[in-house]
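What follows draws every value from the coordinates through simple rules; no lab data is involved. Keep in mind it's a predicted model, so treat the numbers as computed, not measured. So basically every Cβ, Gly included, is an ideal-geometry build from the backbone, and we count neighbours across all protein chains shown.
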Amino acid sequence: MLNKKFALLVMTGLFAGAAGAKPTVEETIRKRVEPKLGKDVKIESIKKTPYSGLYEIRAHGDILYTDKQGKYLFFGQVINTKTQRNLTKERVDQINMIKFNELPFEHALKLVKGDGKRMMAIFEDPNCGYCKRFRQTTLKEIDNVTVYTFMYNILSDDSKAKSKNIWCSPDRNKAWDDWMLDNKAAPAAAANCVNPNEKVFELGRKLRIEGTPAIFFVDGSRIPGAIDTKSLEAKFTSLGMPAKPAAAVAAAAPAAVAKK
């Protein structure tokens, strides 16, 4: 995330003006603001907003705002006081949308519970305490889902070793559950065992996943962090996939069927 120290620039101005041909608003903003954002931070896009003459700047996965001359920077949330809508959050959610069906599911573990009709993908680090808690509670309680788990190693080198050992196990789904639920480590993998660790890491960086767990849904939306069963069911309901009535659930196929 961009360092909050840039907020100090709000009242100082960023550039003294340049002679020559009149640049476009985008050129002006880019020239005046980008050098102030930090080493190697590039502005990805500049877009005029419908509120108060502000321009939206996307940089390093963040959204910030400026005036048309790029003299001031504004960090924070834009709220519609009439509707109470958080316009900044809505915009961030829109930017972070993915194409769910294009995820490389061959690099993920697959768990099917019940009829498996409700799908989600989770990026988890094997050393992530919140991931373990999410799996021990929410995923244990929820039914009729297909869960794709991408082992996303961002906490330590030990995470990479654990993920490799789990992926190379004869039953990788069981090995994952043994570790996440019971703290039982998988045996060491052969040195030449091929695993998707690096590809998943690159994917996570591309998707700007900065913490685990990160949960993705079929509509392309995401929820960062662990959530409880009620919140997850509410999300599925918003996607038109509510929980089955109790009677239907009782008559469904046995839950928690793991597949490779």
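What does the extension gain come out to for ASP157 and GLU90, with contour length at 0.36 nm per residue minus their alpha carbon separation?
20.6 nm
Obtain the nm distance between the two label points defined at TYR72 and LYS22 by a simple spin-label model: each point lies 7 Å from its Cα along the Cα-to-C-beta direction.
So the label points at TYR72 and LYS22 sit 2.3 nm apart.
Within a 10 angstrom radius of the beta carbon, how do SER221, SER52, SER159 rank from fewest other beta carbons to most?
Fewest-to-most Cβ neighbours within 10 Å comes out as SER52, SER221, SER159.
Take the alpha-carbon positions of the chain, form their convex hull, and give its projected area averaged over all directions (one quarter of the hull surface) in nm².
Reported value for the Cα convex hull: 18.0 nm².
Can you tell me the dipole magnitude for the chain around its Cα centre, using point charges on the Cβ only (Lys, Arg +1; Asp, Glu -1), in Debye to the nearest 20?
Computed about the Cα centre, the dipole is about 620 debye.
Which aspartates and glutamates have a Cα lying under 18 Å from the Cα of LYS110, excluding residues fewer than 8 positions away in the same chain?
Correct list for LYS110: GLU102, GLU124, ASP125, GLU141, ASP143, ASP171, ASP177, ASP178.
Using alpha carbons only, what's the Rg to Rh ratio of region 94-243 with Rh from Kirkwood?
My calculation puts Rg/Rh at 0.94.
Could you tell me what percent of the DSSP beta bridges with both partners in region 100-259 are antiparallel, to the nearest 5?
Among the beta bridges of region 100-259, antiparallel pairing accounts for roughly 70 percent.
Provide the FRET efficiency to the nearest 0.05 for the LEU239-ARG205 pair, computing r from the beta carbons and using R0 = 25 Å.
Rounded to the nearest 0.05, the efficiency is 0.40.
Where a Cα-Cα gap under 26 Å defines reach, which lysines qualify for LYS47, not counting those fewer than 8 residues away within the same chain?
Qualifying lysines at Cα under 26 Å: LYS4, LYS5, LYS22, LYS31, LYS36, LYS39, LYS68, LYS71, LYS82, LYS89, LYS99, LYS206.
With each run of n ≥ 4 DSSP H residues scored as -39500 (n - 2.57), what mean residue ellipticity at 222 nm is computed for the chain after dividing by its residue count and rounding to the nearest 500 deg cm²/dmol?
Taking each H run of at least 4 residues, the total per residue is -8500 deg cm²/dmol.
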